[in-house]
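The values are calculated or read from the model by the stated rules, or taken from the named source; none is laboratory data. Predicted model only: the values in this text are computed from it and were never measured. Positions of Cβ are backbone-derived with ideal geometry, glycine not excepted, and every protein chain shown enters the neighbour counts.
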Amino acid sequence: MAIVVNLDLMLVKRKMTLTQLSERVGVTLANLSILKQNKARAVRFSTLDAICAALGCQPGDILEHQASASGESESSEV
């Protein structure tokens, strides 16, 4: 996967648990756990907005692009 979710790092930096974040943003613990484990296939902008507001960060603090192992982009689809 070329996009990595660094939610766990932001939670540590903010000294917040996933449960506390879940309560603040109104997203289920299960869904945040999927996101935290890099198993999510998509994230709504409204969810990303709520997470950023609760953590006091920017989307780029949570989402990171990493080149694939082969060094090529996986798809040019939008």
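What tally of residues in region 35-60 results from selecting those that are in a helix (DSSP H, G or I), surrounded by 15 or more Cβ atoms within 10 Å (Cβ to Cβ), more than 9 Å from the chain's Cα centre (by Cα) and not aliphatic (A, V, I, L, M)?
Counting residues in region 35-60 that are in a helix (DSSP H, G or I), surrounded by 15 or more Cβ atoms within 10 Å (Cβ to Cβ), more than 9 Å from the chain's Cα centre (by Cα) and not aliphatic (A, V, I, L, M) gives 2.
What pairs come up if the first residue lies in region 1-23 and is part of a loop (DSSP other than H, G, I, E, B), the second is modelled with pLDDT of 95 or more and β-branched (Val, Ile, Thr), and their beta carbons are under 8 Å apart, counting only those six or more places apart or on different chains?
Pairs found: 6/62.
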